Amino acid sequence: MDPVFPRLHVITGARRPVEVVTAAVAASLRLGVPDQLAIQVRVEDDITDRAAFLLAAEILEICRPQNVLCLVNDRLHIALAVGADGGHVGADDLPVAAARKIMGGVVGATCRDPESARAAVADGATYLGVGPAYLTATKPGLPAPLGPAAVGAVAAAVPRTPVIAIGGVTAGNAGELIRAGAIGIAVVGAVSEAADPGAATERLLKALS
Ligand SMILES: Cc1ncc(COP(=O)(O)OP(=O)(O)O)c(N)n1
Ligand SMILES: Cc1nc(C(=O)O)sc1CCOP(=O)(O)O
Ligand SMILES: [Mg+2]
């Protein structure tokens, strides 16, 4: 497992993504841990590639000078076009092996059980997003929450690969996911919906320290 793989992944939501990313990056700098933060640019499916490209390019410009990892969800052609550090794929996206073929950098893969986790790692995944850990209103249609024990079972199946727990994660429940075996967490609402996204990022980073 890479010891410097970021432990807090802030995923953009529909609301004020650039403002949220700016605040999150600034918070990581205040705490002196920009290498512990990753930003994942995630847009809804009805957003055009052009708009997604422009957003990803703007967000990469905020992240790169500060050594904050910048990933793009789903649209690996956009990750490559802007020169992001990598991308994240799930069941409806490019297969992990195909993503690995075209992406030299980080490839994240969504997995919900030990078997698919082992397969994703064999196919070249750098890290796994495992969830939903808890109930979430951010993405409809997800399976029932796994809870910390099932997240831990996935992590135990791939001991050399960072597992990032996602879905309903907050500063209050992050600790039990880490104790269960996740190396980190990914959040949308806990930062995007916060009145103060910078303060929310600080709370999450402190919960992981
Ligand atoms: C870190 C992380 N984990 C899981 C996901 C979900 O990816 P996916 O299943 O492809 O769903 P969408 O995000 O594309 O709707 C993620 N994005 N990040
Ligand atoms: C995009 C996404 N994927 C999930 C999965 O389990 O695959 S949960 C999720 C949404 C995470 O948002 P929030 O932090 O607001 O719960
Ligand atoms: Mg996807």
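The values are calculated or read from the model by the stated rules, or taken from the named source; none is laboratory data. A quick note: this is a predicted structure, and the numbers were derived from the prediction, not measured. Cβ coordinates were reconstructed from backbone atoms using ideal geometry, including for glycine residues, and neighbour counts include every protein chain displayed.
Please verify whether ASP85 is closer than 19 Å to PRO17 by Cα, in contact with a Leu (Cβ under 7 Å, 6 or more places away or on another chain) and acidic (Asp, Glu), treating the condition exactly as stated. Yes: the conditions hold for ASP85.
State all residues of the stretch 167-197 that are touching a Pro at 6+ places or on another chain (Cβ under 7 Å) and within 16 Å of ligand 3 (Cβ to nearest atom); if no residue qualifies, say none. Hit for the stretch 167-197 is GLY167, nothing else. Taken over the stretch 37-60, the residue count meeting the criterion of being farther than 12 Å from ILE78 by Cα and out of contact with any strand residue (DSSP E or B) (no Cβ under 6 Å at 6 or more places or on another chain) is 5. Checking the structure you have, find out if any residue of the stretch 151-174 is touching a Lys or Arg at 6+ places or on another chain (Cβ under 6 Å), in a helix (DSSP H, G or I) and modelled with pLDDT of 95 or more. Yes - at least one qualifying residue is present in the stretch 151-174.
If you go through the stretch 65-80 and pick out every residue that is more than 14 Å from ligand 1 (Cβ to nearest atom), hydrophobic (A, V, I, L, M, F, W, C) and in contact with an Asp or Glu (Cβ under 9 Å, 6 or more places away or on another chain), you end up with 1. When both residues are 6+ apart or on different chains and their Cβ atoms are under 7 Å apart, which pairs have a first residue that lies in the stretch 102-114 and is modelled with pLDDT of 95 or more, and a second that is within 12 Å of ligand 3 (Cβ to nearest atom) and part of a loop (DSSP other than H, G, I, E, B)? Matching pairs, first to second residue: THR110/GLY90; THR110/ALA91. Of all residues in the stretch 123-145, those being out of contact with any helix residue (DSSP H, G or I) (no Cβ under 8 Å at 6 or more places or on another chain), buried (at least 18 other Cβ atoms within 10 Å of the Cβ) and assigned to a loop (DSSP other than H, G, I, E, B) number 2.
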